Structure formats: structure tokens, C-alpha cells
């Protein structure tokens, strides 16, 4: 059995960003010399996610908008347009009592999951034609880590 | 270490369908002669899912209805009953600008996840009494693939 | 290749409870003598979940409240405060026709997923600083099982 472990660090400019990392996951497989196996790709933070989906900019905007509907920055309706512009604000999450303002990012992490497993066949990520791996940042602007662990032979 | 990789292709009659595949996953384990390991079951498309849940018809209808509430075919309320009957329609997803009409299927895929890992113990899928593996189609009527990859010894 | 399989049984006092199990997952890794590998942690029931998130009580209350918004005990608005106090009630889920009252717990299971994979490096769970593994009960007060399966070398 062989294994290879790679860590990546992201420090995004925006609070929310989707970053394609399919190529880096393939690099970890190549580096480990693994031809048959499983590659775990997991955020090491609880306010980010990893998902497999389409690399289509319209869809990316759709998903971020949708995540704000299902796991909103606050349960309170913003009082006016200025308040709306300040979102995400501390909202009324209990998690915000200690000064945090990222309660929604925790929920988004739970909703879309923080990890995927990519099958490896003949040394290649065995993905469908439109499947790309993304790191999904929901509370960026600071260093955040991700682990890629490939197991196989 | 042993591994076995099996591909399945689905071409459902309906746009949305749940298909039980527990038996086929067990077949992939048997075929690989694996007694201790992990079986990855993953949709190779970004508009379908794989989940483990109850094989209870009422619950299946509940889940499809629920997914339409949380990730609706359109954010716009249908104008009338005729429009409602035409759902899913292109809606107001950005992803639909290019002619696609399956934005909601992408969100459903993210919501319930496109993959599961089934533990294998003594050559059997080590599932609880009501756990069944399902392929969940959200945008069918065309050939779609799934991968089963078993790793172990 | 080595593997170790551990089963846990939970019988919670409350219908819904979050129980930290990071230490027990590490024990399963130690017991198996595995230094590089993957640890699958999966609920064996379809009305419970396993997630990795923060061990912060305010956030735990937030997540349980949020799950009731996204996958409510009933689609019907409770008639009054007394009815509200009786929640979860059988609601209007098709799954409840046979006398069950846990339709929402099935949806919550699908929503936040019933399993996680934890990477193991140098014999330790390779988690970020705030990542803790939780068993999440959505329909307790009866014995429910969980499986930990570690694969590696």
C-alpha cells in the first residue's frame, strides 16, 4: 500500500471564493505514484467546503446565491438597503455572541460538506466529463488549509 | 491490496428517479474478492446523487418534494397553473443563460452529495438494517454513469 | 494493509443530541496500529448523522435550529402554541402514513450526510485546529449504532 499526503493553504481576497483544484489533486496522485486508489480531499477548517461540480461561472454565482438563501448570514431581515450592503453581519446566531460573525459559513460547510473522495484508476482521477474539484471558501481573507490524502497502490 | 472498479450506466424514463443499487454494490465487492475494505459509490455527473437511506416509497416522494423546496427548479413563482405544469423550466438561474434548464439539479447534487463510502466487513456491505444505497437521478432521460470502486484486501 | 472495525451504540436521552466522538475515532486508529490511512465514521441508521465541525455550544444550538428550518418536523404551520409545543408531530409527510413520526430526521440525515472520512497521518487524526467529529442524533431515545472503519498500514 502506498500513500501520499499534500497540504495546500488558501488566503483568498474575497470572503467567498470558489477555486478549482482538480489539477493539484492529480499532482498529488502523480507524486505518490498511485495507479489504483482513493484520493480524499478535505478542508481542514469548518467554514469552507470541497465539492465536485461544473466549472461554469454562472453556476458558481447561482450556488453562492443559493447558499445565502438556505444558510443566510443572518435570520433577521436587514433593516434597509444600507444594512443589506453590510452583510454578512453578526446576525442573530448564538455563535456570534463571542464576537464571531461566520455562523453562516459553518452552516454552509455542513450543507455542502467539507470533503470528497475521488477514485483513481490507471493513475488518473476517474471523474466524469464535467466533474471538477473545487475548494469553496465561505470565510476567507486569512490562511486556511486543505489536505489531500491518496491511498492505493 | 486489492481493488475492483465497476461502471454502471443509467438512462431513466423520468427526469427524476431513485434507483436502489445496494445489490450491484455488493456484486462489485464479491467480484473483487474483497473481505475488508471501503466501497466508494459516486455519480460521475453533476446533476445526480448517491445516498443511503430507507427503501420506503412514501419517503422517496417526500425527499423529491423536499428537494424542490430547498433547491427549486426556479426562484420565480410560476405565473399560473399552466406555467407550474411546465416545471422544471429555465427559471432565472444564471446557469440557464446558455440554454441549460437543470440548474436545480446541480444544487440538489451539492445538497445531498454525489457519493457515499460503504464499509465492507467479512465480504459484506456493513450497513444498518434499513440502509440501502440509491442512485438519485435529478436530470435523466439520457445516459449517465456511476462508478463503484472497492479498495481493500 | 491493515484494518480495524469498531461499533458504537448510542441511546440518547433527548430526541436530538450532538455527541463528540473524536477521541473514540482516535482510539480505533490506535487499536488498529494504523499510521497512514483513512478512517470512515458512519451512522448505521438513516435518522442520524456524523459531521465534523466546531465544539461550540452556541453553534450546536444554531445548527439544530437551522436544521428545523430547512427540514422541518412538519410542512404544516402548527395551529397554535400548544401544537407548536408538541413538535415534532406526525406532520404531513407521506412517510408518516404508517405511523412513523421521524420524516424530518430522514431529511436531516440526507442534508448533513451520515458519514465522514478522517485522514490518518503518523498515527493521528489529521484534523484542523477546530475540527471535531460528532455523532448527531435526530431521532434518539433508542439504541442506534455507528461504525468506525480504519484502513491503512
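A few notes on this one:
- D_trans [Stokes-Einstein, Kirkwood Rh over alpha-carbon pairs] for chain C, 10 °C, 1.306 mPa s, µm² s⁻¹: 96
- Across chain A, the relative contact order, built from alpha-carbon pairs under 8 Å that are at least six residues apart, equals 54 percent.
- In whole angstrom, the protein assembly as shown maps to an equivalent ellipsoid with semi-axes of 32, 25, 25, each derived as √(5λ) from the alpha carbon gyration tensor and ordered largest first.
- Label-point spacing at residue C:14 relative to the other copies reads 3.7, 3.7 nm, in ascending order, each point sitting 7 Å out from Cα along Cα→Cβ.
- Counting from the shortest, the label point at residue A:130, 7 Å from Cα toward Cβ, is 3.4, 3.4 nm from the same position in each remaining copy.
- Candidates C:116, C:50, C:41: whichever shows maximal mean-square fluctuation once chain C is modelled as a Gaussian network with Cα springs under 10 Å: C:116
- Neighbour counts of other Cβ atoms within 10 Å put C:148, C:117, C:19 in the fewest-to-most order C:19, C:117, C:148.
- Between helix B:57-70 and chain B there is an angle of about 50 degrees, using the helix long axis and the longest principal axis of the Cα atoms.
- Structure remark: mean-square fluctuation, Gaussian network model of chain C, C-alpha springs under 10 Å; the largest value among C:94, C:142, C:124 belongs to C:94.
- Gyration tensor over the Cα atoms of the range B:22-75: the corresponding equivalent ellipsoid has semi-axes (square roots of 5 times the eigenvalues, largest first) of 30, 14, 8 Å.
- Distances in nm from residue C:55 to the matching label points in the other copies, shortest first (labels 7 Å along Cα to Cβ): 3.9, 4.0
- Kirkwood radius and radius of gyration were both taken over the C-alpha atoms of the range A:92-153, and their ratio Rg/Rh is 1.11.
- Whether the range C:11-50 is rounded, prolate or oblate, judged on the alpha carbon gyration tensor where a/c under 1.5 counts as rounded: prolate
- Estimated purely from DSSP H runs of n ≥ 4, each contributing -39500 (n - 2.57), the mean residue ellipticity at 222 nm for chain B is -7500 deg cm²/dmol once divided by its residues.
- Compared with the dominant Cα axis of chain B, that is its longest principal axis, helix B:103-112 is turned about 40°.
- Exercise: per-residue mean of other protein chain Cβ atoms within 10 Å, A:32-40: 3
- FRET efficiency, 1/(1 + (r/R0)^6) with R0 56 Å, evaluated for residue C:27 and residue A:13 via beta carbons: 0.85
- Tilt relative to chain A, helix A:22-32 - C-alpha long axis, 0 to 90 degrees, to 10: 40
Taken together, the values in this text are just the output of simple stated rules run on the coordinates, not laboratory data. Since the structure is predicted, the reported quantities are computational estimates derived from the model, not experimental observations. Glycine gets a Cβ as well: all are built from the backbone with ideal geometry, and neighbour counts include every protein chain shown.
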